Every structure is written in C-alpha cells, then in structure tokens.
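S.K.: Below is one structure. I have some questions about it.
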Amino acid sequence: MGKPTGFLEFQRSNPKKITVAERITNYNEFVKPFEDTELNKQAARCMNCGVPFCHHGCPLGNVIPEFNDAVYQKNWEEAYEILTSTNNFPEFTGRICPAPCESSCVLGINQPPVSIEDIEKHIIEIAFDKGYVKPKKPNLRSGKKVAVVGSGPAGMAAAAQLNQAGHAVVVFERDEKPGGLLRYGIPDFKLEKNVVDRRINLMKEEGIEFKCNANVGVNIGMNDLLRDYNAVVLAGGSTVPRDLQIPGRELNGVHFAMHFLKQQNKLVAGSDPFANGTIESNIASAQINAKGKRVVVIGGGDTGSDCVGTSNRQGAANVLQFELLPKPPENRTQIMPWPTYPMLLKTTSSHEEGCDRAWAIATKEFIGDKDGNLSAIKTVELDWKSEDGKPSRFVERPDSEKIIPCELVLLAMGFVAPQKEGMLEESDVATDDRGNVLATEKDYKTNLGKVFACGDMRRGQSLVVWAISEGRECARKIDEFLMGESMLESKDKSLLI
C-alpha cells in the first residue's frame with residue numbers, strides 16, 4: 001500500500017454535511033465531498049492486510065484494497081477502472097449502500113473501519129469530472145435479443161452486462177421513467193435523480209433501449225416477449241408491501257411508505273403522480289402530506305428512515321418511529337462476531353433531523369374520528385425472549401397500552417413478494433413458498449425455458465448492492481445460455497481478484 005502505517009496515523013472521519021436547519025428546506029443531497037488531503041488520509045488507512053475480508057463482505061466482490069491504493073497515489077483513472085471492473089453503478093452504492101464491506105474490514109476489529117463507501121463515491125464522481133466515464137459500446141453484436149423486465153438496479157445491471165456481451169437489450173419499465181427503486185423509492189436527498197439520469201443516458205449511448213409505460217402483463221404481452229426475444233430477464237423487484245391488518249386499517253391517514261415516498265419523488269421531479277393511467281392514480285387521488293401532522297412511522301429500517309426525512313421536509317409537527325424488535329446494541333456482541341454483518345443501532349441522517357424512536361412496540365389499533373380520519377393509534381409494549389442471544393418471541397407487557405394521537409401513519413415494514421397480478425400470472429412462472437420467482441443461483445433460470453430472474457424478484461427484499469450483483473451474475477448465465485460460454489466478469493472468477 002502507499003502508506004503502510006496509515007492506519008496507525010490517521011483516524012476515520014466522515015464527510016461533512018450541510019446543517020439540519022438548511023437541508024430540511026429542500027430535497028437536495030447534503031453530504032459534502034472530502035477535501036483532497038482528507039480523502040488521501042482515509043485511503044491511507046487501508047492496511048494491506050494479508051486476507052482482505054472486505055472482498056468477502058461485499059456482495060459484488062469489489063477489489064477494495066487495490067482501489068484504495070490507487071486513490072492514495074491519486075491514480076484516479078486506475079481507481080475508476082478497478083472499481084468498475086466489479087461494480088456497474090458505484091455512484092449508487094457509494095450513496096445508499098449500508099456498506100457490508102466495512103463490517104468485514106480487518107481494521108474494524110479494534111478501530112473504526114476504512115471509509116470504503118465514501119471513497120467509492122469519490123472515485124466515481126472524480127472519474128465523471130475528469131471525463132474517464134465514457135460509453136463503452138461492444139465491438140461486435142451477437143445477433144441475439146434480450147428483454148429485461150424492470151429498470152431497477154438488478155435490471156440495469158443485467159442490461160449493462162448483456163449489452164457489453166454484444167446482445168441487443170431492451171429494458172421494459174412500467175413507470176414513466178427508468179430507474180425503478182432508485183428513481184421512485186430513494187428520496188432525492190439521498191440520491192438526486194440527475195445521478196440516475198446521467199447513468200441511464202450513458203447506457204442509452206451504449207446501445208441499450210428503454211421502453212417506459214410498458215407494463216408487461218398489462219399493456220405488453222409476455223407471450224410477445226417470448227416470441228420476439230432470445231431470452232427474457234424478470235427483474236421487477238419485490239413490490240408487495242407488508243400490511244398491518246388491525247382494526248381501523250381502512251381509515252384515511254394510514255398509508256404504505258412506498259406510496260408516500262413515490263408520490264414525493266414524482267412531485268420533486270415535476271411530474272404528476274395522479275395523472276390518468278399512472279399507477280398512483282389507482283391508489284390515491286391526493287398527495288399524502290405530513291405538513292402540520294403528528295406522524296408515526298411503523299418500521300425501523302431504511303424505508304422508515306426515508307419516511308422520517310421526507311416527513312420533516314414536508315413540515316410534520318413531529319415524527320415518531322416504532323420498531324417491533326428490541327433496541328439493538330451499539331457494539332458487537334458474542335452473536336455478532338467479526339467479520340459478519342452486525343445488527344447494531346443505526347442512527348441515520350434523517351434521525352438527526354428530528355425523530356423520536358421507540359423499540360419493542362406493537363400497534364394494536366388505528367383509531368379514527370367520526371369522519372373516518374385517523375386521530376390516534378393504540379400501542380402496547382413488548383417483552384422479548386431470546387434464544388442463542390437473538391430475539392425469538394415476544395409477549396405483551398401487562399398494563400402497557402397507550403393511546404398516541406397522530407394524523408398520519410406510514411407503514412414501512414418491508415416487502416413480502418413480487419406482484420403476482422399481471423406478468424407473473426400471465427406467464428405462469430413458478431414461485432417459491434414465499435411468492436418469489438423460483439430460480440437458483442446455479443443458472444438463474446425459471447421453469448420457462450428462456451426466462452431468467454434476478455434481484456429482489458428472485459431472492460426477496462434485499463440491498464441495492466445485492467440487486468446489482470444478482471443482475472451481473474444473471475447476465476453471465478444468460479450469455480452462456482445464448483452463446484455456450486461467456487467472457488463476462490463473475491464475482492467468483494474475476495481476473496482481478
């Protein structure tokens with residue numbers, strides 16, 4: 001490494017942020033870049049350890065020590081080439097990945113780990129600024145056509161890889177613009193949509209075609225795809241939200257988190273979420289707005305955090321976030337040994353902006369007024385029993401029921417399965433016992449001969465970095481299916497690892 005003693009000399013630091021008072025007035029990104037000298041120090045903390053466990057922690061198998069060394073040496077083009085050899089979209093993962101690689105960092109055994117995610121983001125942004133990022137058009141075309149259904153991170157990654165292999169790729173997106181979760185699920189203050197547009201435009205220059213307002217199984221027939229394409233990739237994500245069917249669920253003011261977030265993302269983009277024919281026009285006729293309301297977010301994950309940040313920007317009177325599970329520890333315990341990914345207490349930038357949090361809480365009832373509007377919720381505290389150090393079952397604590405006034409509840413409890421209606425029903429593709437499309441990591445192939453599946457639609461709700469990894473690996477299997485062999489990079493067989 002460029003500075004073998006760097007991990008002894010420099011402490012971890014994080015990029016500075018715009019003040020809370022300023023950033024909650026808009027939906028722009030607010031994390032500032034490192035100064036050059038600080039970026040150099042953070043890269044120097046990489047240890048040149050004998051076995052770089054960060055490779056194992058990253059679902060993409062990113063070659064992390066090597067790009068850290070290139071950053072320390074200020075070899076930006078080399079750093080960019082190393083990073084993009086395994087990751088198609090580091091501008092996304094550098095912003096919204098929970099960085100499992102950092103949980104596996106050897107330095108993290110007794111110090112804060114290397115700032116891998118922040119370094120990754122800086123590499124790609126510097127590469128764009130310096131003009132290193134250019135369209136990579138394949139030299140030869142195979143004559144094969146592949147349809148990719150879904151333009152989220154898995155579908156985009158599969159499309160990018162298949163295009164590099166020389167196949168003609170068409171991506172079908174049911175919404176008005178491509179990007180899937182990246183465009184409509186992630187708030188702009190975490191991922192501005194010009195970053196998504198920049199990548200989509202680059203992919204178009206490379207020869208990939210995007211067809212929007214194309215809802216396969218609704219206005220596009222699955223049989224048409226099977227007839228016109230040599231292979232079809234199902235990458236539609238896990239989009240059916242987990243519901244909370246308790247008394248009062250029908251009241252005005254109880255909404256799924258993703259409906260709330262998607263509406264706001266469309267409004268920020270200047271589009272009408274309620275235009276005739278849009279998916280949202282069948283869900284609600286008016287914006288779900290937190291202004292002046294007491295908001296309760298049910299669910300303690302990243303989607304819940306995004307609801308907190310969006311509610312504060314809309315001017316909520318206050319925000320309260322519930323989690324069913326007990327409060328996690330701040331440091332690793334015996335059941336979270338290094339280098340596994342630990343379930344630790346996570347305080348996000350949205351929590352910093354204003355939010356009360358409560359753990360081990362169950363919601364028993366939504367309470368409404370005479371006009372059918374939400375006015376309060378009834379909750380109960382939980383006592384959790386543990387097995388092998390992990391919470392396994394709970395009982396309700398006696399005499400702990402409370403009535404909490406609120407006018408808006410956002411259900412952010414995760415997703416259970418891909419949507420069955422439409423494409424999956426029409427194609428009669430097999431699903432597993434959870435409702436996900438049945439396809440194994442061996443070949444990503446479904447029960448339908450030339451139909452493949454990847455991402456959340458196959459593995460269930462997961463991380464953006466896993467979606468990209470799935471798209472890349474699925475593309476390799478499709479290339480082998482079409483051509484008999486593949487030269488596409490594999491997470492397990494990259495020549496750089």
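S.K.: Regarding the stretch 296-303, can at least one residue be identified that is closer than 26 Å to residue 402 by Cβ, touching a strand residue (DSSP E or B) at 6+ places or on another chain (Cβ under 6 Å), hydroxyl-bearing (Ser, Thr, Tyr) and at pLDDT 95 or above?
M.R.: Narrowing the stretch 296-303 to residues closer than 26 Å to residue 402 by Cβ: 296-301, 303.
Subset that is touching a strand residue (DSSP E or B) at 6+ places or on another chain (Cβ under 6 Å): 296-298, 300.
Those left that are additionally hydroxyl-bearing (Ser, Thr, Tyr): none.
No, the stretch 296-303 has no match at all.
S.K.: Only one of these conditions is not met by residue 143: (1) closer than 13 Å to residue 475 by Cα; (2) surrounded by fewer than 24 Cβ atoms within 10 Å (Cβ to Cβ); (3) among the small types (Gly, Ala, Ser). Which number is it?
M.R.: For residue 143, the failing item is (1).
S.K.: Moving on to the next point. Given the options 125, 117, 102, name the one that is without any contact (Cβ under 8 Å) to a residue 40 or more places away in the chain and within 30 Å of residue 10 (Cα to Cα).
M.R.: Values: 125 fails: without any contact (Cβ under 8 Å) to a residue 40 or more places away in the chain; 102 fails: without any contact (Cβ under 8 Å) to a residue 40 or more places away in the chain.
Step by step, each of 125, 117, 102 is checked, and only 117 is without any contact (Cβ under 8 Å) to a residue 40 or more places away in the chain and within 30 Å of residue 10 (Cα to Cα).
S.K.: Any residue at all in the stretch 268-284 that is touching a residue at least 12 places away in the same chain (Cβ under 8 Å), in contact with a Phe, Trp or Tyr (Cβ under 8 Å, 6 or more places away or on another chain) and surrounded by fewer than 18 Cβ atoms within 10 Å (Cβ to Cβ)?
M.R.: Yes; the residues of the stretch 268-284 include at least one that is touching a residue at least 12 places away in the same chain (Cβ under 8 Å), in contact with a Phe, Trp or Tyr (Cβ under 8 Å, 6 or more places away or on another chain) and surrounded by fewer than 18 Cβ atoms within 10 Å (Cβ to Cβ).
S.K.: Right, next: Can you name the residue in the stretch 372-390 that is touching a residue at least 12 places away in the same chain (Cβ under 8 Å), in contact with a strand residue (DSSP E or B) (Cβ under 8 Å, 6 or more places away or on another chain) and surrounded by fewer than 16 Cβ atoms within 10 Å (Cβ to Cβ) and is also farthest from residue 112 (Cα to Cα) among such residues?
M.R.: Step one: of the stretch 372-390, the residues touching a residue at least 12 places away in the same chain (Cβ under 8 Å) are 372-384, 388-390.
Now drop any that are not in contact with a strand residue (DSSP E or B) (Cβ under 8 Å, 6 or more places away or on another chain), which leaves 372-384.
Right, trim to surrounded by fewer than 16 Cβ atoms within 10 Å (Cβ to Cβ) and you get 372-373, 383-384.
Working: 372: 50, 373: 47, 383: 32, 384: 30 Å.
The residue in question is 372.
S.K.: Assess whether residue 409 counts as being within 17 Å of residue 148 (Cα to Cα) and touching a strand residue (DSSP E or B) at 6+ places or on another chain (Cβ under 8 Å).
M.R.: no
S.K.: Of the conditions (1) acidic (Asp, Glu); (2) farther than 30 Å from residue 241 by Cα; (3) surrounded by fewer than 19 Cβ atoms within 10 Å (Cβ to Cβ), residue 489 fails just one. Which one is it?
M.R.: (3)
S.K.: Does residue 271 qualify as being modelled with pLDDT under 90, polar (S, T, N, Q) and outside the structural domain of residue 195 (by TED's automatic domain parsing)?
M.R.: Against the criterion (modelled with pLDDT under 90, polar (S, T, N, Q) and outside the structural domain of residue 195 (by TED's automatic domain parsing)), residue 271 does not qualify.
Per-residue answers, yes or no, for (1) of a type outside the set (Val, Ile, Thr); (2) closer than 25 Å to residue 417 by Cα; (3) modelled with pLDDT under 95; (4) in the same structural domain as residue 191 (by TED's automatic domain parsing):
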{"residue": "440", "(1), (2), (3), (4)": "no, yes, yes, yes"}
{"residue": "449", "(1), (2), (3), (4)": "yes, yes, yes, yes"}
{"residue": "453", "(1), (2), (3), (4)": "yes, yes, no, yes"}
{"residue": "475", "(1), (2), (3), (4)": "yes, yes, no, yes"}
{"residue": "479", "(1), (2), (3), (4)": "yes, no, no, yes"}
{"residue": "490", "(1), (2), (3), (4)": "yes, no, yes, no"}
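S.K.: Another question about this same structure. Considering only residues that are within 30 Å of the chain's Cα centre (by Cα) and aliphatic (A, V, I, L, M), which ones fall in the stretch 378-391?
M.R.: Of everything in the stretch 378-391, just one residue is within 30 Å of the chain's Cα centre (by Cα) and aliphatic (A, V, I, L, M), namely 382.
S.K.: Output the number of residues of the stretch 27-67 satisfying the condition of being outside any helix (DSSP H, G or I) and basic (Lys, Arg).
M.R.: In the first step, residues of the stretch 27-67 are kept if they are outside any helix (DSSP H, G or I); the result is 27-35, 45-52, 58-63.
Now drop any that are not basic (Lys, Arg), which leaves 32, 45.
Matching residues across the stretch 27-67 total 2.
S.K.: Among what's in the stretch 433-458 and is acidic (Asp, Glu) and in contact with a helix residue (DSSP H, G or I) (Cβ under 9 Å, 6 or more places away or on another chain), pick the residue that is farthest from residue 484 (Cα to Cα). Give the steps one after another, and end with the answer.
M.R.: Initially, the stretch 433-458 is screened for residues acidic (Asp, Glu), giving 433, 441, 443, 456.
Keeping just the survivors that are in contact with a helix residue (DSSP H, G or I) (Cβ under 9 Å, 6 or more places away or on another chain) gives 441, 443, 456.
Details: 441: 18, 443: 13, 456: 27 Å.
The qualifying residue farthest from residue 484 (Cα to Cα) is 456.
S.K.: Could you check the stretch 54-95 and list, in sequence order, the residues that are touching a residue at least 60 places away in the same chain (Cβ under 8 Å) and among the acidic types (Asp, Glu)? Before the answer, list the steps.
M.R.: Here is the first cut: in the stretch 54-95, the ones touching a residue at least 60 places away in the same chain (Cβ under 8 Å) are 54-61, 63, 65-66, 68-69, 72-73, 82, 85-89, 91-93, 95.
The answer is 66, 69, 91.
S.K.: Sort out which residues of the stretch 435-445 are within 19 Å of residue 159 (Cα to Cα) and surrounded by fewer than 23 Cβ atoms within 10 Å (Cβ to Cβ), and write them in order of number.
M.R.: 441, 443, 445
S.K.: In addition: Among the residues of the stretch 329-342, is there at least one that is among the charged types (D, E, K, R), part of a loop (DSSP other than H, G, I, E, B) and free of Cβ contacts under 8 Å to residues at least 60 places away in the same chain? Full working, then the answer.
M.R.: If we filter the stretch 329-342 for residues that are among the charged types (D, E, K, R), which is where we start, we get 330, 332.
So of that shortlist, the ones also part of a loop (DSSP other than H, G, I, E, B) come out as 330, 332.
Still in the list and also free of Cβ contacts under 8 Å to residues at least 60 places away in the same chain: 330, 332.
Yes - at least one qualifying residue is present in the stretch 329-342.
S.K.: Looking at the structure I just gave you, is residue 7 part of a loop (DSSP other than H, G, I, E, B), buried (at least 19 other Cβ atoms within 10 Å of the Cβ) and in contact (Cβ under 8 Å) with a residue 40 or more places away in the chain?
M.R.: Details: part of a loop (DSSP other than H, G, I, E, B): no; buried (at least 19 other Cβ atoms within 10 Å of the Cβ): yes; in contact (Cβ under 8 Å) with a residue 40 or more places away in the chain: yes.
No.
S.K.: Residue 313 fails exactly one of the following numbered conditions: (1) surrounded by 19 or more Cβ atoms within 10 Å (Cβ to Cβ); (2) in a loop (DSSP other than H, G, I, E, B). What is the number of that condition?
M.R.: Only one criterion in (1) surrounded by 19 or more Cβ atoms within 10 Å (Cβ to Cβ); (2) in a loop (DSSP other than H, G, I, E, B) is unmet by residue 313, namely (2).
S.K.: Working carefully through the options 244, 181, 251, 234, find the one that is in contact with a Gly (Cβ under 9 Å, 6 or more places away or on another chain) and surrounded by fewer than 21 Cβ atoms within 10 Å (Cβ to Cβ). Steps first, please.
M.R.: Numbers: 244 fails: in contact with a Gly (Cβ under 9 Å, 6 or more places away or on another chain); 181 fails: surrounded by fewer than 21 Cβ atoms within 10 Å (Cβ to Cβ); 234 fails: surrounded by fewer than 21 Cβ atoms within 10 Å (Cβ to Cβ).
Residue meeting the stated conditions: 251.
S.K.: Can you tell me which residues in the stretch 406-434 are surrounded by fewer than 17 Cβ atoms within 10 Å (Cβ to Cβ) and either in contact with a Lys or Arg (Cβ under 7 Å, 6 or more places away or on another chain) or hydrophobic (A, V, I, L, M, F, W, C) (or both)? Lay out the reasoning, then the answer.
M.R.: Just the residues of the stretch 406-434 that are surrounded by fewer than 17 Cβ atoms within 10 Å (Cβ to Cβ), to begin with: 414, 416, 420-421, 425-426, 428, 430, 432-434.
Matches in the stretch 406-434: 414, 416, 430.
The values are calculated or read from the model by the stated rules, or taken from the named source; none is laboratory data. All values derive from a computational prediction rather than experimental measurement. Backbone-built Cβ (ideal geometry, glycine too); neighbour counts: all protein chains shown.
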